[in-house]
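To start, the structure under review is shown below, and the notes come after it.
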Amino acid sequence: MTQPDSHKLSLNTATVRQRWKLDQIIEGCARHEIRGIAPWRDQVQALGLKASARLIRHHDLILSGYCRGGMFPGSTPEERREKALDNRRAVDEALELGAPCLVLVVGGLPAGSKDLPGARQQVRDGLSELLDYARPLGMPLAIEPLHPMYAAERACVNTLAQANDLCDELGDAGLGIAVDLYHTWWDPQFQQQIERAGLRRLLAFHICDWLAPTTDMLLDRGMMGDGVIDIRGFRQAVEAMGYTGLHEVEIFSQNNWWQRDPDEVLAICKQRHLEFG
Ligand code: ZN
């Protein structure tokens, strides 16, 4: 088990979103024989939900996840209610697209707040409510822990241990974890926590590289092989738990990959996935 199966590659559409719309991305994946795709909600809305589902099916692509729900905390009950309703719509869309899970970036501090424990409680409550909706419909929810530098603005679930704690508390049915190496590679408990997660909680696996030094906390992700993450080692650790799902490449890169011809980016993704994935 050294090289990854090239059929396991999936493209998170953010990777080429600056230059291509969703229909072009779907067609690009088909052209490059990339079998998996993880579309974003705004792109699906732009193309139309039914048209997106049809085009994905037409090209025999499969989803590695749907991006994304979450952002639970809010300053007022009304704001939280609005977010809850929007998350339900995201579940419905994920079902229509045939996604294996809805990926959740859970949200950070509400505007003006310094109450991190309170934000985490709001995440727990929002997640619990969304589970009540998603479970009977059969749409799994995947909690994606984000690197701690995102705790204020994007996600106050920052470690695999926190995600496992939420699964323990809320129950495993229809709930699991999206393991993104960009966010979790530094975690000294990585191995221990994926063992604790076990196969049933491992719903998605996202890859890219951590550039050293990194120049932007959001938009400077690296292509596999250009940074310091032992992607192959982590991939093998996750697959040793029985994970057989796709390897989703998700690269936000304002000054490099987003500037390039998307056909070139896809070709390099494929090659680097084989070399380093
Ligand atoms: Zn991710």
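Assorted remarks:
- Failed condition for D180, given (1) out of contact with any His (no Cβ under 6 Å at 6 or more places or on another chain); (2) within 16 Å of the ligand (Cβ to nearest atom); (3) charged (D, E, K, R): (1)
- Cβ separations smaller than 8 Å between residues 6+ apart or across chains give the following pairs from region 70-91 residues that are among the hydroxyl-bearing types (S, T, Y) to residues that are open to solvent by 60 Å² or more (accessible area, probe 1.4 Å): S75/A111; S75/G112.
- The single residue among R200, R221, R196, R232 that is at pLDDT 95 or above, within 28 Å of H32 (Cβ to Cβ), open to solvent by 30 Å² or more (accessible area, probe 1.4 Å) and not hydrophobic (A, V, I, L, M, F, W, C) turns out to be R232.
- Failed condition for D168, given (1) in contact with a Gly (Cβ under 7 Å, 6 or more places away or on another chain); (2) open to solvent by 20 Å² or more (accessible area, probe 1.4 Å); (3) away from the ligand (no atom under 15 Å from the Cβ); (4) not basic (K, R): (1)
- A152 falls short of the stated requirement of being touching a Ser or Thr at 6+ places or on another chain (Cβ under 8 Å), closer than 27 Å to Q43 by Cβ and away from the ligand (no atom under 16 Å from the Cβ).
- Residue satisfying condition, being surrounded by 15 or more Cβ atoms within 10 Å (Cβ to Cβ) and in contact (Cβ under 8 Å) with a residue 60 or more places away in the chain, within set A178, A163, A134, A151: A178
- L130 satisfies every condition listed in (1) within 16 Å of the ligand (Cβ to nearest atom); (2) under 24 Å from L49 (Cα atoms) except (1).
- Failed condition for P39, given (1) in contact with a Cys (Cβ under 7 Å, 6 or more places away or on another chain); (2) surrounded by fewer than 19 Cβ atoms within 10 Å (Cβ to Cβ): (2)
- Qualifying residue in region 183-198 (condition: assigned to a helix (DSSP H, G or I) and hydroxyl-bearing (S, T, Y)): yes
- Counted residues, region 259-277 - those being assigned to a helix (DSSP H, G or I) and more than 21 Å from the chain's Cα centre (by Cα): 6
- V91 vs. criteria under 18 Å from the mean Cα position of the chain (by Cα), open to solvent by less than 20 Å² (accessible area, probe 1.4 Å) and within 16 Å of the ligand (Cβ to nearest atom): no
- Being surrounded by fewer than 20 Cβ atoms within 10 Å (Cβ to Cβ), in contact with a strand residue (DSSP E or B) (Cβ under 7 Å, 6 or more places away or on another chain) and assigned to a loop (DSSP other than H, G, I, E, B) is a property that T244 lacks.
The values are calculated or read from the model by the stated rules, or taken from the named source; none is laboratory data. Predicted model, so just to flag it, every value in this text is computed and none were measured. Please note: Cβ atoms are built from the backbone with ideal geometry, for glycine as well, and neighbour counts cover all protein chains shown. Protein only, heavy atoms only, side chains kept; ligands, DNA and RNA dropped before computing areas. Shrake-Rupley method; radii C 1.70, N 1.55, O 1.52, S 1.80 Å.
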